[in-house]
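The structure under discussion appears below in the form of structure tokens.
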Amino acid sequence: MKLSYYPGCTLKTKAKNAEDSAIASMEVLGIELAEIPRWNCCGTVYSFAGDEEVHQLAPIRNLIRVQETGSHKVVAICSFCFNTLKRANLLVKNNPAKMYTINTFMEEEPDYEGEVEVVHLLEVLRDDIGWESISEKVQLPLKGLKVAPYYGCTLLRPQDIAIDDVERPTIMGDLLKALGADVIDFPYNTECCGSYQVISNPDYVSQRVWDILSSALRKKADAIALSCPLCDFNLDHTQKEIIQKRSDFKGIPIFYFTQLLALALGLDPEVCRFELNHIDPRPLLESKELLRH
Amino acid sequence: MRTEISTETLYSDFVKKVEDISEQTLSSCYQCGKCSAGCPMSFAMDLLPNQIIRLAQLGLEDDIAKANTIWICASCITCSVRCPKGIDLARVMEALRLITSRKNIDNVQIPQIPKETIAQLPQVAMVGGFRKLTA
């Protein structure tokens, strides 16, 4: 089965470890992620203003690209891209006047009427493939690996785009369970990491990150799994500083859920691109005998 | 802090502007504080989100401008999903930011971000941050 795929900017650069592991895993699961042609930046953050339709052009243009391929569904892996595309789609669907303005402004493009369904890869895994089928395809169960799924903001908020329960999500934990991992539930799993404040207030982000990491550590997690490249940067990269400040903290590996999926499906660890993870997860995987050479 | 309330601020364009941009009704807020209780960035804010809404209801634009709150908000939308009155507070914060940034005022000075930091940051952080914090 072919599925239209919107990668977004970060998955092509800093988060190549998320993209490569996702594409390879989906192939094993029988789904070809077909990158949409001529995609552009989605705008990253959804514009909350009621009078700024101009910021909806970028995401809508991408949905037009999807429509042109004859597809009615597009999958994103980056949580921010997912959020922005899905919200922009809902906006035009629920606001005929704004849809008209946007279509008129982009007169060179075919009209768009909100016909493309925007989904996140975790939803494809749950709804189109199913935990049982995934579990059957597992070659290397992640036995003994205690992973805490971290959802962040953009997969769950606002409610009308949420891929799971806003306050008590289980979707990523269910996937990790299907992969054979020990799933660690922790109270900070939907708490914001500080997001883009990393550009202007990195110290505050560092405080947020420590709150989140220490919460997972108190629950005895070996590692954290996530989907968002910004959460990944904050939770993973910021640790270097925290390690310098706190003698009792040795670091905790941060995985994209797609890396753990690829590993469990028995794929060559090369596709996981672990060299791009800031805190090297390979010693942990080796200690659990989960790294095949 | 002494706060002066007058009909001048109460019926000012500012209140209408915030409501227009955010598409929210400020007077719906009854100050329960749920937004501030759950705000992940509140530890760094001069004034809490519910206090900002109260000031906005009263049209006290200058008091809002003096606080760092709207620039510390990370747009995580936790307040919006938990508000018992259904106010999308994240949109109010955005409207308040836009009232400043539409005057061509940046909150983050891009040239001051060290080159090494820029090289490390993922695009999602830069595009997101610049969109929320600059004009």
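Values quoted throughout were computed directly from the atomic coordinates according to the rules given, and no laboratory measurement underlies them. Every value quoted in this text rests on a predicted model; they were computed, and no experiment measured them. So basically every Cβ, Gly included, is an ideal-geometry build from the backbone, and we count neighbours across all protein chains shown.
Summing charges over neighbours of A:Tyr196, with a neighbour being any other residue whose Cβ is under 11 Å away from its Cβ, gives +2 when K and R count +1 and D and E count -1.
So which GluC sites (Glu not before Pro) in region A:101-192 pass both tests, a DSSP loop state and at most 15 other Cβ atoms within 10 Å of the Cβ? Kindly include the intermediate steps, with their values, before the conclusion.
Working: sites: A:Glu107, A:Glu108, A:Glu113, A:Glu115, A:Glu117, A:Glu123, A:Glu132, A:Glu136, A:Glu167, A:Glu191; in loops: A:Glu107, A:Glu108, A:Glu113, A:Glu115, A:Glu167, A:Glu191.
Passing both the DSSP loop test and the Cβ count: A:Glu107, A:Glu108, A:Glu113, A:Glu115, A:Glu167.
Cross-link reach is defined here as a Cα-Cα straight distance under 12 Å, omitting same-chain residues fewer than 8 places apart; for A:Lys86 the aspartates and glutamates meeting it are A:Glu115, A:Glu117, A:Asp160. The spacing between region A:7-70 and region A:139-154, judged by their C-alpha centroids, is 24 Å. Quote the charge dipole size of region A:139-287 about the Cα centre in Debye, to the nearest 20; the model charges only the Cβ of Lys and Arg (+1) and of Asp and Glu (-1). The dipole magnitude comes to about 380 debye.
I need to check one value: relative contact order of region A:99-202, counting alpha carbon pairs closer than 8 Å and at least 6 residues apart, in percent.
On the way: 93 pairs, mean separation 30.0, N = 104.
Once normalised by length, the contact order is 29 percent.
When the chymotrypsin sites (Phe, Trp or Tyr not before Pro) in region B:24-90 are filtered for DSSP coil states and for at most 13 other beta-carbon atoms within 10 Å of their beta-carbon, the remaining sites are B:Tyr30.
How large is the Kirkwood hydrodynamic radius of chain B, in angstrom, based on all distinct alpha carbon pairs? Display every interim value, and only then the final one.
Working: mean 1/r = 0.0637 Å⁻¹.
Kirkwood radius, chain B: 15.7 Å.
For A:Lys14, the residues 5 or more places off, or on other chains, whose built amide H falls under 5 Å of its own are B:Gln123.
Remark: region A:75-87, residue by residue, has Karplus-estimated 3J(HN,Hα) of 10, 10, 9, 5, 5, 5, 4, 4, 4, 5, 5, 5, 5 Hz, where x stands for each Gly or Pro and the curve is 6.51 cos²θ - 1.76 cosθ + 1.60 at θ = phi - 60°. Each principal axis of the Cα atoms in region B:1-61 has its own extent, and those three values, largest first, are 33, 30, 19 angstrom.
Within 10 Å of each Cβ of B:90-102, how many other protein chain Cβ atoms are there on average?
Values: counts 4, 5, 1, 1, 7, 4, 0, 2, 5, 0, 0, 0, 2.
The shielding value for this peptide is 2.
Put a dot 7 Å past the Cα of B:Gln112, heading toward its Cβ, do the same for A:Leu57, and the two dots end up 3.1 nm apart. When the pairs A:Lys240/B:Lys66; B:Lys16/B:Lys66; A:Lys220/A:Lys240; A:Lys98/B:Lys103 are compared against a 28 Å limit on Cα-Cα distance, A:Lys240/B:Lys66 fall above it. Our Cα-only numbers for the protein assembly as shown put the radius of gyration and Dmax at 21.8, 74 Å. Counting Cβ atoms of other protein chains within 10 Å of each Cβ in A:187-198 and taking the mean gives 6. Taking a label point 7 Å from the Cα of A:Asp268 along the Cα→Cβ vector, which residues of region A:21-41 have an amide N closer than 18 Å to it? Residues A:21-29 fall inside that zone. Here the mean projected area of the convex hull built on the C-alpha positions of region A:154-207 is 4.7 nm². 3J(HN,Hα) couplings calculated from phi for region B:42-59 with the Karplus curve 6.51 cos²θ - 1.76 cosθ + 1.60 (θ = phi - 60°) are, in sequence order, 4, 4, 9, 8, 5, 10, 7, x, 5, 5, 5, 4, 4, 5, 5, 4, 8, x Hz; Gly and Pro show x. Couplings 3J(HN,Hα) for region A:60-74, derived from phi with the Karplus relation 6.51 cos²θ - 1.76 cosθ + 1.60 (θ = phi - 60°), are 5, 4, 5, 5, 5, 4, 5, 4, 5, 7, x, 8, 10, 8, 9 Hz, where x marks Gly and Pro. Within chain B, B:Cys29, B:Cys32, B:Cys39, B:Cys73, B:Cys83 have no other Cys Cβ under 4.7 Å of their Cβ and so lack a disulfide-compatible partner by this rule.
Given the Cα-Cα distance of A:Glu286 and A:Glu27 and 0.36 nm per residue of separation, how much length would full extension add, in nm?
Values: separation 259, 0.36 × 259 = 93.24 nm, distance 2.55 nm.
In short, 90.7 nm is gained.
Distances between placed amide hydrogens fall under 5 Å for A:Ala34 paired with A:Leu3, A:Ser4, A:Tyr5, all partners being 5 or more residues away or on another chain. Placing R0 at 30 angstrom, the Cβ-Cβ distance between A:Lys240 and A:Trp131 gives a FRET efficiency of 0.30 after rounding to 0.05.
Would you calculate a helix-derived [θ] at 222 nm for chain A, using -39,500 (n - 2.57) for each DSSP H run of n ≥ 4 and dividing by the full residue count, to the nearest 500? Present the calculation step by step, with values, prior to reporting the outcome.
On the way: 11 runs with 108 residues, N = 293.
Helix-only estimate at 222 nm: -10500 deg cm²/dmol.
Our Cα-only numbers for region A:2-121 put the radius of gyration and Dmax at 14.2, 45 Å. Expressed in units of 2.2 N^0.38 Å, where N is the residue count, the Cα radius of gyration of region A:144-293 is 1.00. Look at A:Cys78, B:Cys83 and count the other Cβ atoms within 10 Å of each Cβ; fewest to most, that gives B:Cys83, A:Cys78.
What is the average number of partner chain Cβ atoms found within 10 Å of a Cβ in B:67-80?
Values: counts 0, 1, 0, 0, 3, 5, 3, 12, 10, 13, 12, 8, 1, 4.
Partner-chain Cβ atoms within 10 Å, mean over residues of B:67-80: 5.
Using only side-chain charges placed at the Cβ, +1 for Lys and Arg and -1 for Asp and Glu, the dipole size of region B:64-135 relative to its Cα centre rounds to 240 debye. Take every Cα pair under 8 Å whose residues are at least 6 apart in sequence, average their separation, divide by the length of chain A, and the relative contact order is 20 percent.
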